[in-house]
Structure formats: C-alpha cells, structure tokens
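What follows is one structure encoded as structure tokens, with my remarks underneath.
What follows is calculated from the coordinates using simple rules that are stated; it is not laboratory data. Everything numeric in this text was worked out from a predicted model, so none of it was measured. Positions of Cβ are backbone-derived with ideal geometry, glycine not excepted, and every protein chain shown enters the neighbour counts.
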Amino acid sequence: MSAISVRDLSMTYRAPVREGGLRAAVASLVRRRYREIRAVREISFEVGPGEVVGFIGPNGAGKTTTLKMLSGILHPTDGEARVLGFVPWRREREYLRRIAMIRGSQPIGGPPELTVMDSLRFQQLIYEVQDEEFKRNLSELDEMLDLGSLLERQIRALSLGERMRSGLALALVYRPRVLFLDEPTIGLDVSAVQMIRSFVATYSRETEATVLLTSHYMADVETLCRRIVLIDHGCIAYDGDLMGLSATLSPYKLVRVAVSDGACGDWSRYGEVVESEPGRVSLRVGRQDVPAVTARVLAELSVVDLAVEEPPLESVMDRVYREGVA
Amino acid sequence: MRLLRLFGATFSISLRRQLAFRADLAFQALTTVIGVASGLAALGIVYTQTRSLGGWGLGEAVVLLGTYQIVSGVLATFIEPNVVWFAGQVTSGKLDDVLLKPVPSIFLASLGSCAPLGLTQVAMGLAVVGAGLREMDAIPRAYNLFGWLVMLSAGIAITWASRVLLASLAFWAPAMELDVVYGAVWQFGRYPVSVYPQPVRFALTWVLPVAFVSTLPAQALVRGVGPALLLLGTAIGAASLLVVQLVWSAGLRRYTSATS
Amino acid sequence: MRRLMRLLSAYVWRQFLEVMAWREFVVTLTINQAITPLLGLAVWSAALPGRSGISTYYVALLVVQLMTVSYEHHTLSNGIYAGEFSNDLLKPHATVLPTLGMNVAMRIWHLLVGIPLIAALVLVVGVSLDARHSLLAVPALVLAAALRFVFTYALALSALWTQQAHWVVGFGETLIFLLGGSAAPITLFPEGVRPLGAALPFRAMLGFPAEIASGSLSGAEVLAGYGWQVLWLGALTATAAVVWRSGVRRYTAVGG
C-alpha cells in the first residue's frame, strides 16, 4: 500500500479582481468579479512507505499548495488524496498525530518566550506521547540534532539554524509517519544545511518515515531524494529518478575536451561553447549528436582528455524554470 | 478532559513565561490597580452629586463595577492574548500551525495561550464586589450568590463567543480589524445599562450583549433574579457557544478552500 | 521658523497620506477615543437629569479629545524599540518633527472621521453653543493640543530607558481621564478637591476648553485657566527637553 496516493488533485482559487479608481471600487461592492487561479491541476502520484521524494518546481508552481492539501490545511476543489489511508482534509485527530509539516521559513510556532523544552513538553501533551516514549525519542533526536544546549533557551533567542533544529525536534518528537518539509534549508548557512540534510537522511532511514520535501536547492534534492516530482504551472512535468530527470528535460549533454597543443581553432563547429580556456573547452551537444561529435573531435584533434557528462542539475532546472518544460 | 489538561498546561507554561519578565509584572499589576482605582474614583465622584444612578445606589454600582472587572480580567487573561489581531494570524499562516495539531482548532486558536497576570484584575474585581456589598451593608443570600455565579458564567460564555465571533470575521473580511472597537464597546459594561438612553440600552442588551457581562449578574447578586431570567441567561450563554462553533467551522471551511 | 513650519507641514502631509492607507483602522481608533466622552455624557445625563450644560460640555469635550489625541507611545516608543529612531536622529532638523507631523496628521484624521458622530450628537442631545464662548475656547484648544503632545511625548521618551513605555503612557492617560474632566467635569468635583483639579495640568489638556465652550466659567476663571495652561506648557516643555537630552545621551552611548 502506498503511504501517499494522489489522484486528479486540483485546487482553484477565486481571487477578486480589483480595478483602480473609485468607480470600480464602488462597483465591486455591488458585484464582484473573480479571476480563477488554477494553482494545482489534476495531479496524480503515489509515494511508497519510507520513500523520500523531492517535490520541485519554480515559485508559484503549486508545490506548497499541494503540501497544504496533503497536510489537511487546504481543501482541494477536486480530486482525491489518501495519506496513510486518511483523507487529509477531514483533519481527523488520528491523522494529524501521524504527520508533521515543517516550514523552513517558519520552523517554530507558538510563543517565542518559551524555552525549547517547554515547547517540547507542550507537543508531548498535544500529541499524547507517553513519557517513556517521549524521553526515548528526545534522546535520539538530541543525538542527531545536538539539542543539548538549546533545550533551556528561549525560542526568541535562537539563531535561524538553531530554530530549524528545534523545529525539527518539535515536529519529530511524536514520531510522525509522514513528513512534509517545505523548503527546510532556506536561509541557513552551509554547516546548518549539511546538518539538516544528513539528519533528514538518517531520520527517514531509521524510522522509515515517508518524506515529501520541497526545495529550491537542487543539492538538497540530490543528496536526499532518489525520486523527483517536478511540478510546473500546477501540473506534474516529470516523475521519476534523479538520473532520468536531466536526460528527459535537457536535450543536451556536456562534452569536456582537453587538447595537448594550444591550437584549437574554431570550436563552434563541434557544438555550442559553454566555457573555454586555452587547451580546454566545454561544449553543449545535442543528445543524439554526441557519438558523432566525439568521434570527430577524437579524429581531428590531439585529445588529452574527453568526458561526456549530464549537464548540472541546477542549470537544467534554471532552464526549465525560465522556459518551461519542453 | 483532555482539553482541561491542555488548558492547565498552557496556563502553567504561560505563568512561568510571564514570571520571567519582572518589570512587566510590576507594571501590569500597577496598571491594573490604577485602572480599578480610577474606575472606582470616577464612580465616587458621580455619587457625590446624586444618590442614584439609573436606579442603582453606590454600593450596587460598585458591585457592578467589580463584576465588570472580573469578566474583563477573564477576557484579558484567557481570550484576548489568542485572538488579538487575528486577521494577521490568518494571513501570516500562523493559523496553519493550529490546523496541523490534533486538537479542536477553535480551542487552540482561542484559548491556546494565556496571560496569567490578568488574573490580578479578577482578584481585584472580587475585592471590589466585596467592597460594594459592604457599602450596601448586605450579606447576599445563597440564592443571590448562586444567581450571580450562573449569570456570570453565562456572561463569560457570551464574552468568549462574541470575541471569537469577531475574530472569525477575519475569514471573510481580513481587512476589517475591529479589535479596537470591541474594546471600546466593552467599556459600556462599566455602568448599569439603565443609564443609557433607550435605543442604546436595547442594543447593549440584545445586539452587543454588554448587559449580560455586568448589569445582569450584578443585578442577580444585589436584588435577586427570577427563574425566568436565570433560564434565559443560561440559554443565551449556551446558544452563543453553539453559534460560535458553527461560525468558526464555516469560516474554517472558507479558509481551507479559498486562501493561498 | 519659516523653514520649521514648511518642514512640519511637509511631514503632516506625508503622514496624512500614509495614514490614508489604513483609514479603516483610524475609524476604529476614533470610535475608541469617542467612548469616554460618550460614557461621561450618558452617566452624567443620568445622574443629573435636566442639568443644563452637561451635554454641551461633553460634546465639546469629544471635539477636544479628538483634536488632542496623542499616540506617541506607538509612534515614538515603537520607533525606538524597532531602531527606526536612529533614522530620525540622522535627519538634519529637529528630531521631534516626524513625530509631531504624525501627531497632527492623526488629529486631523480623527476630527474628519469624527465629524458625522459629532453632528449626530448635536442633533440628538441638543447643544447650546454661543459664538463668544466658542471663540474664547479656540486658543485654549490649541494650548491643550500642544500640552497633551508635550506630555505624551515626554512620557513616550521613557522608551529610551525601559521596555515599558506603553504602561507609562497608559498611566498618564488614566490620569487625564480621571482628572482631566472626562470621568467627571471639574466643575462637578467635590468642593474640597475642585481647586486642585483646576490647577493640575490634566484639565489644561482636556477639560478646560470644553468648560469655556459650554459657558460654565466666569471671566476670572477663564483667565486663571489660561494662566495655568501657559504655566504648564512652559514647565512640561522644559521637562520634556531635559528628558530628551539625557535620553539621547543614553541612547547614543548605549548604541540603541
């Protein structure tokens, strides 16, 4: 059975249309006009238990809306979803106890004057965690997140990285089976990012929790997720493993060539030059032309080194985000 | 039962939190004392000029003011800290946190945290009620005390319901922030509703039920209350609880299907 | 002086427009400010039915209240807490100007929003104003407005020392409510404390212009009231200046 199963899920907002000027304002009191915004359009996918899936796409693509629907905050306009067998937006207590949603932009809710420990105790109460289990979970989390020094400090005095660590502890102390992580590394410094990434990896491995993660940082996705779901303009544009992503999305490969003599001549007859320095060049070559081009390069030049690579994910995504999926 | 335990926990957490700010503590206590004292003084000046205000003697009016302070203290302690500027919570996504928790959302959103220092006002209100009874030279009969407690509970229920109702407006009209107006109308509770001229008096009893907060409970204590009024108060208190639940869930339905 | 006035009116205009963006909120603030005079009107009309001058007094008091509102604990104190005060210190003119500009803009807004309410009250409760008294009250109103600003400004500066400026200003407002003529007209104070009430600065900030307008003062009393107003304005301005100087010294020493 899948942990998350989504069929034809759609979300359409109605936003009032406001025109400038006093007349329009008065008119809108009488009869409002609405514009329909289709944030999510009939998406379908399944996530198996224990899977870690990266949910990516440009701003406004519908990632957060989808996460909100799956966590029960939003009610879709159409379609079905089951998470752990529950319909999320019924917001049943048993369901809410099994999930967690963590937002990198706002990892901790609640009064900032509380200490982290106070907040943890409050979570214990709300999520009905037995004392023993609470202690066990907390000590495990402490080990992975190095909470020790944070517990007695007030939330408002924590740095962003510390907040994220505490937020993770708060969300995970009740052992949710499904985690929705919305941009968990946003705004963090390098070492905090490393820590969060390795934590999510360890946590999902050890507890077999299902994780759905959105991020703008491809590195997050590359290190954590085997599988990627790319959403664009509310539709799923790709669903599959990371390797296949660039193959599907980018019609090009990168051919790196190093030659022994400085003489290089005109590289552009082989392909589009991405970068070059004396004796060394990177070419963007159409996927199906790669064999022919490498053969020509090897025949015509004295090649020291030649490598064919998939283009870096960041640049593929950049193209996709800017130009849409071809 | 579980909600009661939760309520206890939030209270103790908030108490510890407030105790950490000692200067706040002193200032708030001082402000409460000054507020209550100035209310009494204002009333005192009125009674140097007259023996009766809207049919209420000095002692009776003091009992009423004390009752008003008690309910105000409850409002400030348990309700206001949660729902103040609620529209901001809705638009900032703070409400999402509430929705994610496996606890009834109306409970967590309206009673999830508190400001225990407001209880000083409740205590002072009790003292003022005592002072009023002393001034009247009356020891209330058990039935009157009972009537007062019932009407007071109804008043507190109506207070909670009306405040949450006002906050729920944010689901439909987030730009309408009427928190200040609520506080302003609330002030009408300081005096018996009989001092206000007729259309206002009617409005304060049935439309914005300020009368239920102070006038009716105080009346029950100093003059007794008929069973009809007692029943009516209870019914209206219960009805308001029901109405607010309905409106809240309607608002939530709107929120979960229409916001971004 | 000319430059100062030009700067001030520029600030008032800017802030007036700024407030326009949240005018709905100003409506709620105005209602809130109107409550205490309305309560006073209701209570005293019920306590002394038929006594002439009460309704005129409280309607006049409402006008005074709206034209003297001061929110420096929000504008100035919050600016200090948020660090925006440093920007004001950088401006090549008197630091008080932006705050004063906001103050005047808010008062204009309160009056504009309050006009329908005032008009309705005049129609419903009946007000007897005569021209001579009203004219006599105008300078008192201006002095009261200045006095209330200086008073609130000085209290709001406490934000430079403590996080509790809101309480401090709130305390000042309670005094104005109780002793300024809002809870009860000073003329109805008990015999023994009436002279004290008349001499304190709180009446000079609020009740005095309304007393003149409602015709409840004799010529000598009006004169004495003006004397107190001028005296208090001088004293409070000097106090505010001292508070300001030591506050800024502290602020710049601590670094905000």
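Some observations on this one:
- Ordering B:Ala157, B:Gly35, B:Trp172 by Cα displacement along the dipole of the range B:2-258 toward the positive end leaves B:Ala157 in first place; charges were set at the Cβ atoms of Lys, Arg (+1) and Asp, Glu (-1).
- Looking at chain A alone, DSSP beta bridges between its own residues are antiparallel in about 70 percent of cases.
- Each Lys and Arg adds +1 at its Cβ and each Asp and Glu adds -1 at its Cβ; summed about the Cα centre, chain B shows a dipole of about 380 debye.
- Hydrodynamic radius (Kirkwood) for the range B:60-166, which is based on Cα pairs only, to one decimal in Å: 15.4
- Mean separation of Cα contacts under 8 Å, 6 or more apart, over the residue count of the range A:251-309: relative contact order %: 51
- Between C:Val193 and C:Leu135, the C-beta separation translates, for a Förster distance of 30 Å, into a calculated FRET efficiency of about 0.50.
- Over 40 Å [Cα-Cα, the protein assembly as shown], rounded percent: 52
- Kirkwood's formula applied to the C-alpha pairs of chain A gives a hydrodynamic radius of 22.7 angstrom.
- Taking the square roots of 5 times each eigenvalue of the Cα gyration tensor of the range B:183-260, largest first, gives ellipsoid semi-axes of 31, 17, 9 Å.
- The C-alpha radius of gyration of the range B:2-258, expressed as a fraction of 2.2 N^0.38 Å, stands at 1.05.
- Here A:Lys135 is the anchor, and the aspartates and glutamates within straight C-alpha reach of less than 18 Å, apart from those fewer than 8 places off in the same chain, are A:Asp118, A:Glu143, A:Asp146, A:Glu152, A:Glu206.
- Kyte-Doolittle mean at least -0.5 and Cα axial length at least 30 Å: DSSP H helices in chain B: B:22-49, B:142-172, B:227-258
- If you plug the beta carbon distance of C:Met20 and A:Asp289 into 1/(1 + (r/R0)^6) with R0 = 56 Å, you get a FRET efficiency near 0.35.
- Computed E for B:Leu246/A:Val304 - FRET, C-beta separation, R0 45 angstrom, nearest 0.05: 0.05
- Dipole magnitude for chain A: about 1640 debye, using +1 per Lys or Arg Cβ and -1 per Asp or Glu Cβ, origin at the Cα centre.
- Each 5 Å bin, from zero up to the one with the longest distance, holds this percent of the alpha carbon pairs of the range C:1-141: 2, 9, 15, 18, 17, 13, 11, 7, 5, 3, 1, 0.
- Residues in the range A:122-139 carry Karplus couplings, in order, of 5, 4, 4, 5, 5, 9, 6, 8, 5, 3, 4, 4, 4, 5, 4, 4, 5, 5 Hz; the curve used is 6.51 cos²θ - 1.76 cosθ + 1.60 with θ = phi - 60°, and Gly or Pro positions show x.
- Cα-based reach from B:Lys94 at 27 Å (exclusive), listing lysines while leaving out same-chain residues under 8 positions away: A:Lys63, A:Lys68
- Paired Rg and Dmax values of the range A:251-309, which use every Cα atom, in angstrom: 10.2, 31
- Once you reduce the range B:167-226 and the range A:208-270 to the center of their Cα atoms, the two points are 64 Å from each other.
- Highest average first, the peptides B:171-184, A:289-302 ordered by how many other beta carbon atoms sit within 10 Å of their residues are B:171-184, A:289-302.
- Size descriptors for the range C:2-254 (Cα atoms only): Rg and Dmax, in that order, 18.5, 60 Å.
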